[in-house]
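Asker: Mind having a look at this structure? Questions to follow.
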Amino acid sequence: MRRASVAAALVAVPLVALAAPAAAGAASTGNATVSILHAVPDLPVDVYANGNEVVGDFTPGTLTDPLQLPAGSYDLAVYPAGADPAATQPAISADDVTVPAGANITVVAHLSATGTPTLTPFVNAPADLAAGEAELTVRHTAAAPAVDVRAAGTAVLTGLTNPNEASINVPAGTVSADVTLAGTSTVAIGPADLTLPEGAQTIVYAWGSAEAGNLKLATQTITGGGSAPGGIPSGEAGLADTGLSPWVAGAGVLLLAGAGASVVRARSKAVAGR
């Protein structure tokens, strides 16, 4: 398998180019803003839309730049990285997948608490912040038990479980943060210095597997509000009967849904300190 890094700029251009003709025959009322985080360890994949490769060698830990996709429908397929689509059945495929207008979402392919590849979409919607404040959001997408999040050694978010998120408003600036097992001082991830810009939502994803010893952090900054879309990707797409590893299926579900699906899933957000 090839393992070259994905350049997000190269991802956005062909995907948007494909989106325009696909949406031409659909009722389009705007764009969706979609970011995709690949958080299933050890599995690069190739993603196709309307028969064209739009993301190649998508490696774990990669977060794409936000993609502006016209509302419409798409035929999508995901293959193990380096596979020849002419000679290989896709691990997952979905036709006429709907991209909802007005969404600002990040779709994460990750491991469940028990280590099963799964999909979770999150709505990105920064809170109303006072002058000098920033919003810190933590999303638990790792195969790990409940955790606490500490800032400068003090627990600020507690008992967070996979696949949930929690947020708190804090002073803008740089803070040393780490993740511990819930109710203990046992550090699972970090510490790491986080820069929290004023007026923005900084999102930290915990991903990987505690058992495999590869827990990591990924970060994302959202500077504008996100409106509630008419539909947000959720659940699973159809899995081709190819006998391929469920790791391929888990990552593929993310990438298919990342381009949009039509099942509504409201954002569940626990807010502390408000």
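Asker: Go through segment 160-173 and count every residue that is surrounded by fewer than 15 Cβ atoms within 10 Å (Cβ to Cβ) and closer than 16 Å to ALA188 by Cβ.
Answerer: Just the residues of segment 160-173 that are surrounded by fewer than 15 Cβ atoms within 10 Å (Cβ to Cβ), to begin with: 161, 171, 173.
Subset that is closer than 16 Å to ALA188 by Cβ: 161.
Result for segment 160-173: 1.
Asker: Can you tell me which of (1) farther than 27 Å from PRO44 by Cα; (2) touching a Phe, Trp or Tyr at 6+ places or on another chain (Cβ under 8 Å); (3) not polar (S, T, N, Q) is the one ASP96 doesn't meet?
Answerer: (1)
Asker: What single numbered condition from (1) under 23 Å from THR62 (Cβ atoms); (2) of a type in the set (Val, Ile, Thr); (3) without any contact (Cβ under 8 Å) to a residue 60 or more places away in the chain fails to hold for VAL138?
Answerer: (3)
Asker: Continuing with the same structure: Kindly indicate which of LEU181, LEU160, LEU111 is under 17 Å from LEU217 (Cα atoms) and assigned by TED's automatic domain parsing to the domain that holds PRO60. First the steps, then the outcome.
Answerer: Numbers: LEU181 fails: assigned by TED's automatic domain parsing to the domain that holds PRO60; LEU160 fails: assigned by TED's automatic domain parsing to the domain that holds PRO60.
Matching residue, one of LEU181, LEU160, LEU111: LEU111.
Asker: Check segment 201-219 and report whether any residue there is farther than 30 Å from LEU43 by Cβ and surrounded by 14 or more Cβ atoms within 10 Å (Cβ to Cβ). Write out each step before concluding.
Answerer: Taking segment 201-219 and keeping what is farther than 30 Å from LEU43 by Cβ, we get none.
Checked against the condition, which is being farther than 30 Å from LEU43 by Cβ and surrounded by 14 or more Cβ atoms within 10 Å (Cβ to Cβ), segment 201-219 yields no hits at all.
The values are calculated or read from the model by the stated rules, or taken from the named source; none is laboratory data. Computed from a prediction, not measured in an experiment: that's the story for all the values here. Every residue, glycine among them, receives a Cβ derived from its backbone with ideal geometry; neighbour counts consider all protein chains shown.
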